[in-house]
Amino acid sequence: MKILQSVMDQVIKRNPNEPEFHQAVKEVLESLEPVAERHPEWVSAGIFDRIVEPERQIIFRVPWVDDNGKVHVNRGFRVQFNSAIGPYKGGLRFHPSVNLGIIKFLGFEQIFKNSLTGLPIGGGKGGSDFDPKGKSDAEVMRFCQSFMTELSRHIGPDTDVPAGDIGVGGREIGYMYGQYKRLNNDFTGVLTGKGLTWGGSLARTEATGYGLCYFMDEAMKAKGKSFRGSTVIISGSGNVAIYATEKAQQLGANVVALSDSNGYIYDPEGIKLDTVKRIKEVERKRISEYIKYHPNATYTEGCSGIWTIKCDIALPCATQNEIDEKSARILVENGCFAVGEGANMPSTPEAINVFLENKLIFGPAKAANAGGVATSALEMSQNSMRYSWTFEEVDAKLKNIMINIYKSASSAAKEYGDEDNLVMGANIAGFLKVANAMYAQGIAY
Ligand code: NDP
């Protein structure tokens with residue numbers, strides 16, 4: 001980096017101890033160097049300096065009482081990163097690893113992802129270090145109510161519209177929506193991922209996983225490859241992983257492995273998704289339960305071993321930095337030809353280099369997993385219209401959006417001289433629209 005190195009230096013200085021945030025910013029700034037060369041007016045208007053600084057960061061106390069009457073205190077976050085092209089939009093993550101740096105990395109990525117969808121949504125992200133695992137429904141409800149009591153002061157259907165992420169699914173969105181409604185006395189589309197009888201959109205649950213497969217299908221088509229007949233491994237077994245499995249299977253792939261944070265299952269005959277849905281969505285148990293129902297499958301403790309299974313296509317759908325350089329090299333040696341990121345930043349920078357050097361078809365997260373937020377934006381539109389589209393209508397719009405994201409990323413990569421580098425293409429295509437809007441709106445923010 002030449003022109004943008006000073007921006008990176010300032011990010012590191014101003015945000016110490018936030019390695020994930022540094023990692024996300026560095027990747028984007030490296031891609032944007034040729035854009036800075038072409039647009040000196042953006043450099044002098046401080047667009048690059050401003051885009052790496054959140055517009056607003058809110059940190060708050062979340063006290064709640066467990067079933068035994070014990071008081072707990074968690075920390076809540078909402079980072080409202082950029083509203084140049086629309087209200088802040090991005091999920092809430094409930095996981096013990098959550099801290100300000102993680103939320104900032106996710107919020108920063110969200111700016112470009114949301115822009116890539118072509119829909120009018122800004123970037124934000126939030127969450128808490130609360131761990132829903134092992135908590136009763138009543139405990140989760142009390143936590144969500146306490147969290148929303150503070151968050152409700154900062155969000156609104158035209159201001160900031162949160163959604164789900166790790167640890168936040170339909171149950172949590174329901175409890176938070178109920179509390180927001182009590183506090184504000186209005187029924188608006190302030191959260192997405194709502195239930196179908198109270199403002200939710202058909203196909204939102206499936207959207208990130210389905211969208212990932214639509215994106216990868218388009219990217220693979222350009223190289224004469226496809227899901228049909230391919231062996232696929234998918235990490236995670238949450239919302240994104242389950243629906244990526246469903247769509248990959250519908251497209252003719254054999255999905256042979258899934259995982260959770262304890263270990264992974266390998267079923268060479270193909271994952272039986274009904275069993276996984278029952279274990280994870282209904283019983284909320286561990287993925288290891290799967291082998292009780294399918295004795296031909298195996299379960300192995302530990303997460304990273306999943307990448308040693310021979311496959312054609314890998315879809316990391318669990319969490320950040322889950323594929324390191326070593327795992328990336330094993331995937332390449334085993335003949336894997338495509339990697340699509342369902343999770344946010346699942347590959348380390350070294351792993352991405354391995355994929356790019358070896359000419360894999362690599363779908364970076366902010367493009368490949370944008371189907372979730374795109375469908376959330378469609379939920380917002382339906383809420384504003386007080387109308388519901390059918391599953392087929394939403395799914396068709398989602399597919400179209402994912403194909404367009406691939407085309408934008410691919411043509412930006414070509415235009416800026418690194419054809420097939422979708423990392424660079426997605427960063428540039430996402431950035432251009434936001435930069436134009438910020439430039440037009442002056443230096444007020
Ligand atoms: P879920 O909570 O539904 O599932 C997460 C899955 O990943 C679980 O199987 C979980 O296992 C596993 N996991 C979580 N943390 C870790 C960890 N530290 N190490 C290993 N495995 C882990 O979340 P989602 O499916 O919604 O999200 C998965 C990823 O996709 C995240 O990166 C998220 O940001 C991203 N994403 C999600 C979108 C959505 O619409 N939901 C949209 C775009 C991106 P366990 O149950 O053991 O914790």
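Read-outs throughout are calculated quantities, based only on the coordinates presented, and are distinct from any laboratory measurement. Keep in mind it's a predicted model, so treat the numbers as computed, not measured. Counting neighbours? That spans all protein chains shown, and the Cβs are built from the backbone with ideal geometry, glycine included.
Here is how the number arises for the chain: DSSP H runs of 4 or more residues each give -39500 (n - 2.57), the sum is divided by the residue count, and the result at 222 nm is -14500 deg cm²/dmol.
Note on the chain: with a GNM built from Cα contacts shorter than 10 Å, the maximum mean-square fluctuation among Ile85, Ile58, Ile287 falls on Ile58. By other beta-carbon atoms within 10 Å, ranking Met220, Met424 with the fewest at the front produces Met220, Met424.
Pairs of Cα atoms in region 1-105 fall into 10 Å distance bins, from 0 up to the last occupied one, in shares of 13, 38, 29, 13, 6, 2, 0 percent. Exceedance of the 27 Å cut-off in Cα-Cα distance is limited, within the set Lys89/Lys133; Lys247/Lys433; Lys89/Lys359, to Lys247/Lys433; Lys89/Lys359. Protection proxy ranking for 199-206, 357-364, 246-253, using the average of other Cβ atoms within 10 Å per residue and placing the highest first: 199-206, 357-364, 246-253. Length gained on full extension, Tyr387 to Met1, computed as 0.36 nm times the residue gap minus the Cα-Cα distance: 134.2 nm. Phi-derived couplings, Karplus 6.51 cos²θ - 1.76 cosθ + 1.60 at θ = phi - 60°, listed residue by residue for region 201-208: 9, 4, 6, 5, 4, 7, 4, 5 Hz, with x used for Gly and Pro.
Bridgeable aspartates and glutamates around Lys13 (alpha carbons under 15 Å apart, same-chain partners fewer than 8 residues away excluded): Asp49, Glu53. Among residues other than Gly122 with Cβ under 12 Å from its Cβ, the summed charge is +2 (Lys and Arg +1, Asp and Glu -1).
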